[in-house]
Amino acid sequence: MVHKGETRTIIGREHADSGFVTLLAQDGVEGLQVKNLAGEWIDVPPANGTLAVNFGQLLERWSGGRVRATRHRAIAPKVIAPKTARFSIAFFYEPRVDAEIAPLPLTGTEAFEPFLYGDYLWEAATNFVEMSGIKHLRQPRRAKAS
Ligand SMILES: O=C(O)CCC(=O)C(=O)O
Ligand SMILES: [Fe+2]
């Protein structure tokens with residue numbers, strides 16, 4: 001992939017986190033990028049000791065789309081020294097697994113059937129190929145309305 005005229009390797013593919021809010025501790029090495037509404041990739045300043053805040057898909061759904069989930073990816077840092085490495089520590093802030101997620105009383109937003117966060121989380125997690133083989137180990141606690 002070419003970014004600002006340079007060939008860079010994508011090490012974390014584009015996605016939005018499934019949960020509520022994610023905090024990413026920065027370590028001074030660049031590589032995290034977020035996509036703006038025009039579809040352009042923006043470099044997140046990696047200032048040491050700061051937290052990058054990403055909004056997740058659950059927050060987008062719960063807020064009726066008023067808060068957009070942050071699409072992001074990670075590219076390999078530019079090799080500026082032989083052992084350039086980037087460390088990212090993620091904190092995923094999420095509801096309890098037995099929390100019921102129901103629409104906020106907001107006007108002009110799309111209603112949805114309330115669901116249990118644990119059901120949503122299991123579905124989202126086991127959609128990743130490396131976890132797809134264990135999807136059958138947990139059944140939804142609440143049946144979907146048909
Ligand atoms: O490498 C990063 O800082 C991003 C990690 C990430 O997007 C994730 O764990 O969901
Ligand atoms: Fe992420």
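Taken together, the values in this text are just the output of simple stated rules run on the coordinates, not laboratory data. Keep in mind that this is a model prediction, so the values were computed, not measured. Note that we place each Cβ from the backbone using ideal geometry, even for glycine, and neighbour counts take in every protein chain shown.
Worth a mention:
- Computed from the C-alpha gyration tensor, the three semi-axes of the ellipsoid equivalent to the chain are 33, 18, 14 Å, from longest to shortest.
- Rough spin-label spacing in nm, given labels placed 7 Å along Cα→Cβ, for Leu104 and Lys83: 4.6 nm
- Straight-line reach from Lys83: taking Cα to Cα under 20 Å and skipping same-chain neighbours fewer than 8 places apart, the aspartates and glutamates in range are Glu6, Asp27, Glu30.
- Fewest-first ranking of Asp27, Asp43, Asp98, Asp119, using other Cβ atoms within 10 Å as the exposure measure: Asp98, Asp43, Asp27, Asp119
- Order of Leu104, Leu59 under a 10 Å beta carbon neighbour criterion, fewest first: Leu104, Leu59
- Neighbour cut-off at most 12 other Cβ (10 Å), DSSP loop, GluC sites (Glu not before Pro), the stretch 83-146: Glu110
- Candidate aspartates and glutamates - alpha carbon under 17 Å from Lys35, same-chain residues fewer than 8 apart omitted: Glu14, Asp17, Asp43, Glu60
- Equivalent ellipsoid semi-axes, the stretch 19-97, via Cα gyration tensor eigenvalues times 5, rooted, Å: 26, 15, 8
- The Cα center of the stretch 16-47 and the Cα center of the stretch 87-106 differ in position by 18 Å.
- Relative contact order [Cα under 8 Å, 6+ residues apart], the stretch 32-146, whole percent: 18 percent
- Cβ-to-Cβ counts within 10 Å put His136, His72, His15 in ascending order as His136, His15, His72, the fewest first.
- Taking Arg68, Arg96, Arg86 in turn, the Gaussian network model of the chain (Cα-Cα springs below 10 Å) assigns the largest fluctuation to Arg96.
- Approximate spin-label separation Asn48-Lys135, in nm, with each point projected 7 Å along Cα-to-Cβ: 4.5 nm
- Most fluctuating residue given options Phe115, Phe92, Phe128, as computed from a GNM of the chain linking Cα atoms under 10 Å: Phe128
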